[in-house]
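Mind having a look at this structure? Questions to follow.
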Amino acid sequence: MFGLRKYKLLNTLIGIVWLAAACGSPSQSQSDISTAVARTVQARDSLTEVVSIPTTTPQTNIETTVTPAVTPTSVPTLASAPSDPNCIGATLVSETPPDGVIMKPGEYFWKTWTFLNSGTCTWNSSFKLVYRSGDLMGGLASYPLPEDVLPGEQKDISIYLKAPDTEGTFTGYWQLQTPWDATFGAGPYSEPFYVEVVVSSKEKPKYGITSITYEVVRDPAIGCPTNVSYTVHATITVNGPFDFEYYWNQSDGNESGKKSMEFTEAASQTISREWVVGKGDSPNPRWMTVTVTLPKYQEYEKAYILNNCP
């Protein structure tokens, strides 16, 4: 198609040249005509170059770099606090070793608290044991709970600690933390619980009783039957291996016989004694206490019993 158009145009140009030569002056020389024909041929060649359109060969080995879209980093959000005001509650049932335990400098030990979940919400692995203040004793700032604790269930929570390298008494305070970042302790006032150690480098440190605490249980809990039973539970805690003798003393002079207790390590043991109060008995307050006789005589605080059915 392009070749036919090329030759038609070439013939037209040659015709125009000859016509111009015929109409020119007689004096135009043969050389001028030859020049005109040469330029016409040159124009033909130039036209051929213009009409010949080069084809484009696609490139098959081009490497294309695709920049991935940037995905925004998700920001973790805290869980929402439940609307139930009784969701969170904890009761400290026991602990080992007891507070005031005597240890060597740098001694490693497990601290275990036994808690009762007294709330209505389950403690899952999103709950944590968190350090609050005092001596950290080589522990971490927080520990996730190892397993679920259902409402009304008791579970042990243990951490591995190290006694300080210097002598003295050291205390570290801890709390529990919810997934919505609220902290709570134990008991009705949600107080922090703690670990307390006494560091001593002595070969034979002075072991002994560090505390005696009481709990009075009434049976029945309410009402005024013919007889009401009051049981006094005394929890005795020592800071190391210790043997002693004791007896129960009470306000009406009804003492128990002497008894002995033996501890092979720092721990707590509970002893109990019952007092039955009859309906119509004196309303005056009654009390019981534990008195240690050996190795050294020591009186402790009293547990009071109130007769509310005189």
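Output the number of the condition that Gly223 fails; it satisfies all remaining conditions of (1) open to solvent by 50 Å² or more (accessible area, probe 1.4 Å); (2) modelled with pLDDT under 95.
Going through (1) open to solvent by 50 Å² or more (accessible area, probe 1.4 Å); (2) modelled with pLDDT under 95 one by one, Gly223 breaks only (1).
For segment 158-197, name all the residues that are farther than 23 Å from Ala90 by Cα and either touching a Phe, Trp or Tyr at 6+ places or on another chain (Cβ under 8 Å) or of a type outside the set (A, V, I, L, M, F, W, C) (or both).
Matches in segment 158-197: Lys162, Ala163, Pro164, Asp165, Thr166, Glu167, Gly168, Thr169, Val197.
Checking Asp252 against (1) in contact with a strand residue (DSSP E or B) (Cβ under 6 Å, 6 or more places away or on another chain); (2) within 15 Å of Glu274 (Cβ to Cβ), only one condition comes out false. Which one?
Of (1) in contact with a strand residue (DSSP E or B) (Cβ under 6 Å, 6 or more places away or on another chain); (2) within 15 Å of Glu274 (Cβ to Cβ), only one is false for Asp252: (1).
Additional query: Please specify each residue of segment 248-266 satisfying the condition of being farther than 18 Å from Tyr214 by Cβ and surrounded by 12 or more Cβ atoms within 10 Å (Cβ to Cβ).
Correct list: Lys258, Phe263, Glu265, Ala266.
While we're looking at this one, here's another question. List the residue pairs whose Cβ atoms are under 6 Å apart, where the first residue sits in segment 248-259 and is at negative phi, the second is open to solvent by less than 50 Å² (accessible area, probe 1.4 Å) and in a loop (DSSP other than H, G, I, E, B), and the two are 6 or more positions apart or on different chains.
Trp248/Ser256
Tell me yes or no: at least one residue of segment 193-216 is more than 30 Å from Pro295 (Cα to Cα) and part of a loop (DSSP other than H, G, I, E, B).
no
Another question, then. Restrict the check to segment 232-247 and report whether at least one residue is modelled with pLDDT under 95 and open to solvent by 50 Å² or more (accessible area, probe 1.4 Å).
no
Quick check on this structure: which one of Pro192, Pro144, Pro151, Pro188 is under 31 Å from the mean Cα position of the chain (by Cα), open to solvent by 50 Å² or more (accessible area, probe 1.4 Å) and under 29 Å from Tyr300 (Cβ atoms)?
None of the others qualify; the one that does is Pro188.
Provide a single number: the residues in segment 277-289 that are aliphatic (A, V, I, L, M) and either closer than 30 Å to Gly100 by Cβ or modelled with pLDDT of 95 or more (or both).
The qualifying residues number 1.
So, one more: Among the residues of segment 154-185, write down those that are open to solvent by less than 80 Å² (accessible area, probe 1.4 Å), among the hydroxyl-bearing types (Ser, Thr, Tyr) and either in contact with a Gly (Cβ under 7 Å, 6 or more places away or on another chain) or under 30 Å from Glu107 (Cβ atoms) (or both).
Result: Ser158, Thr171, Thr183.
Which one of the conditions (1) surrounded by fewer than 16 Cβ atoms within 10 Å (Cβ to Cβ); (2) within 48 Å of the chain's Cα centre (by Cα); (3) assigned to a loop (DSSP other than H, G, I, E, B) does Glu274 fail to meet, given that it meets all the rest?
Failed condition: (3).
The values are calculated or read from the model by the stated rules, or taken from the named source; none is laboratory data. Small disclaimer: the values here were computed from a predicted structure and weren't measured. Ideal geometry is used to build each Cβ from the backbone, glycine not excepted, and the neighbour counts take in all protein chains shown. Surface accessibility is based on the protein's heavy atoms, side chains included, excluding ligands, DNA and RNA. Shrake-Rupley method; radii C 1.70, N 1.55, O 1.52, S 1.80 Å.
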